[in-house]
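Novice: This is the structure I have questions about; it appears just below.
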Amino acid sequence: MKIAIGSDHRGVELKKTVIGIIGQLGHDYKDFGSYTADSVDYPDIAREVGEAVSGGDYGPGILICDTGIGMSIAANKVRGIRAALCRDAFDAQRARQHNDANVLCLAAGRGPDKAAEIVTAFLKTDFEGGRHQRRVDKLMNIECC
């Protein structure tokens, strides 16, 4: 699996942890930035990762900012993206199983304690399809542009 990952300046440290987890799980990745603690605009990073995932070159994506909220909002503006802010492994599993989420958003401000559980659950869980496919189709039909 080729994973697109990105963070704003507040997420750089947690991103390093997540990259280690990705490697331990045997996946490849591309880091779309940010690379330092110098202030950046998170929508730029979210758009790059979102476009990489929606274009089919990478999948899934992982985005990190202080709360995860901004990245989630920004990524969901990209056509074809279903980004989910996950606070625990249960959220990550359900985001994949029921919503076919293709971008995981994490909150750097909460620290790295649960990152391994969340990232592992997200990357190892498959979409269940069935009745959930009908709902995902409806979600995707909401996209207007």
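The values are calculated or read from the model by the stated rules, or taken from the named source; none is laboratory data. A quick note: this is a predicted structure, and the numbers were derived from the prediction, not measured. Cβ coordinates were reconstructed from backbone atoms using ideal geometry, including for glycine residues, and neighbour counts include every protein chain displayed.
Novice: Are there any pairs with C-beta distances below 6 angstrom linking a residue in the range 54-76 that is of a type outside the set (S, T, N, Q) to a residue that is modelled with pLDDT under 95, with the two at least 6 apart or on different chains, and if so which?
Specialist: Here the result reads 66/109, each pair linking the range 54-76 to a residue that is modelled with pLDDT under 95.
Novice: Does residue 69 qualify as being surrounded by fewer than 23 Cβ atoms within 10 Å (Cβ to Cβ) and of a type in the set (A, V, I, L, M, F, W, C)?
Specialist: It is true that residue 69 is surrounded by fewer than 23 Cβ atoms within 10 Å (Cβ to Cβ) and of a type in the set (A, V, I, L, M, F, W, C).
Novice: Something else about it: Evaluate the following for residue 34: is it over 11 Å from the mean Cα position of the chain (by Cα) and either aliphatic (A, V, I, L, M) or closer than 19 Å to residue 127 by Cα (or both)?
Specialist: no
Novice: Which residues, counting only those in the range 1-50, are part of a loop (DSSP other than H, G, I, E, B), in contact (Cβ under 8 Å) with a residue 40 or more places away in the chain and under 22 Å from residue 69 (Cβ atoms)?
Specialist: If the condition is that a residue be part of a loop (DSSP other than H, G, I, E, B), in contact (Cβ under 8 Å) with a residue 40 or more places away in the chain and under 22 Å from residue 69 (Cβ atoms), then 8 is the only one that fits.
Novice: Exactly one condition in (1) within 20 Å of residue 111 (Cα to Cα); (2) at pLDDT below 95 is not met by residue 59; state its number.
Specialist: (1)
Novice: Of the residues in the range 77-89, how many are closer than 12 Å to residue 118 by Cβ and touching a residue at least 24 places away in the same chain (Cβ under 8 Å)?
Specialist: 4
Novice: Would you confirm whether any residue within the range 127-138 is more than 22 Å from residue 67 (Cβ to Cβ), within 14 Å of the chain's Cα centre (by Cα) and charged (D, E, K, R)?
Specialist: no
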